[in-house]
1. Beyond 30 Å between alpha-carbons counts as too far, so tell me which of Lys84/Lys221; Lys160/Lys312; Lys259/Lys299; Lys108/Lys212; Lys212/Lys306; Lys198/Lys258 fall in that bin.
2. I need to check one value: relative contact order of the range 130-238, counting alpha carbon pairs closer than 8 Å and at least 6 residues apart, in percent.
3. Taking the Cβ of Arg168 as the centre, find all other residues whose Cβ is under 10 Å away and add up their charges (Lys, Arg: +1; Asp, Glu: -1).
4. Percent of accessible area on the range 160-292 owned by carbon and sulfur, 1.4 Å probe?
5. Residues with beta-carbon under 11 Å from that of Asn154, excluding Asn154: net charge, scoring Lys, Arg +1 and Asp, Glu -1?
6. Which whole-number value in Å² is the accessible area per residue of the chain, probe 1.4 Å?
7. Based on DSSP H runs of at least 4 residues, each adding -39500 (n - 2.57), what is the mean residue ellipticity at 222 nm of the chain after dividing by all its residues, to the nearest 500 deg cm²/dmol?
8. Go through (i) 6, 27, 33, 22, 10, 2, 0; (ii) 5, 22, 31, 25, 12, 4, 1, 0; (iii) 5, 26, 37, 25, 6, 0 and flag the label whose value is the computed P(r) over Cα pairs in 10 Å bins from 0, in percent for this structure.
Amino acid sequence: MVGSTVRNTTGRPRRSRALGATAAAACAALALAACGSTKDTGGAGGGGEGKVGVVLPLLTSPFWQSYNDYVPKMAKSEDVDALKTVNSNSDPSQQITDINNQLNQGVKGLVVAPLDSAAVSAGLDQAERKGVPVVAVDVAPEKGRVAMVVRADNVAYGRKACDYLGRRIRSGKVAQIMGDLASVNGRDRSEAFRGCVKEKYPRLKVLEIPAKWESDTAASKLDTLLNSHPDLKGVYLQAGGVYLAPTLQTLKSKGMLKKAGEKGHITVVSNDGIPQEFDAIRKGQIDATVSQPADAYAKYGMYYIKAAMNGKKFSPGPTDHGSTIVKLPGGNLEDQLPAPLVTRKNVDDAELWGNASR
């Protein structure tokens, strides 16, 4: 999201094996190209000692609630002394205040999930001035330095949703309920979906609902769209955590919530991989979701902040945990964790993090 991947040492999007061996131990066993340079640079935060602040974007989404639950567990497994998480409550300005408050408390590292890709730079600049390394989770900042971005390939999210709908709907109207376009996640998913449809499925017409990761906005605008386009055949939800419930409620209120296989079923593909999406797939209410890893976001956020506090550096290339580190246009590195497509065929896979509570 802010909109949705779980990893292990096999590179499969799994839960238990991904959490079995630490990335640090695996890194030591692999060649330099696999995990990047681990040379001690003597940089800020060297030594790996001290408190780590963790700043959340919001807690109104089941995805971020799950991430919040994983943080203390992963901090313990990676031997990181993490403070209690701070919730910025969907307010970019509050997030900058939260970052500054953490810095004033003397933290030696920060793990931040940015709300606004541009606005977060103010907090990142302050951290850099104080010599405190930062790891960004889920969203890549447009400006400012971070030790690593821990994120899945959001362009792939949009393309997977496009292909899923395009292969099942020969022609007609499909809608994408978009995220906040101030976030690189919202832009990547929107542009990828739109571009893929234009290139590969030109007989589909894309209708767009800008919803800013807000459930009420999604519900209201979807209702309005369905009034004008009752022949809608498919929907792409860019964040199931905030859009799933209002979408199902809106379809039900209009008598349009038909099960998969029934006449009039509207094909729905989502992003996040939360338990509620999995249940909706089992019930035939939606058809698929792309699972982004709440557990792996927490795990590798802690892994990379500890490495940064010890002065370690990484370089582009494949990792030991089935992902690839890439260099972003602004110069930051991003560990692009894999995100599997979940359908009726694999929804009961016990290693998907969304099935952890089953």
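The values are calculated or read from the model by the stated rules, or taken from the named source; none is laboratory data. All of these numbers come straight from a predicted model, not from anything done at the bench. Every residue, glycine among them, receives a Cβ derived from its backbone with ideal geometry; neighbour counts consider all protein chains shown. Keep in mind that these areas ignore ligands, DNA and RNA; they rest on the heavy atoms of the full protein, side chains included. Shrake-Rupley method; radii C 1.70, N 1.55, O 1.52, S 1.80 Å.
1. Working: Lys84/Lys221 36 Å; Lys160/Lys312 34 Å; Lys259/Lys299 36 Å; Lys108/Lys212 32 Å; Lys212/Lys306 32 Å; Lys198/Lys258 27 Å.
Lys84/Lys221; Lys160/Lys312; Lys259/Lys299; Lys108/Lys212; Lys212/Lys306, as the Cα separations exceed 30 Å there.
2. That works out to 29 percent.
3. Counting the neighbours of Arg168, the net charge comes to +1.
4. The C+S portion of the solvent-accessible surface of the range 160-292 is 47 percent.
5. That sum, taken over residues with Cβ under 11 Å, equals 0.
6. 40
7. On the way: 11 runs with 133 residues, N = 358.
My calculation for the chain gives -11500 deg cm²/dmol from helical runs alone.
8. Given (i) 6, 27, 33, 22, 10, 2, 0; (ii) 5, 22, 31, 25, 12, 4, 1, 0; (iii) 5, 26, 37, 25, 6, 0, the structure-derived one carries the label (i).
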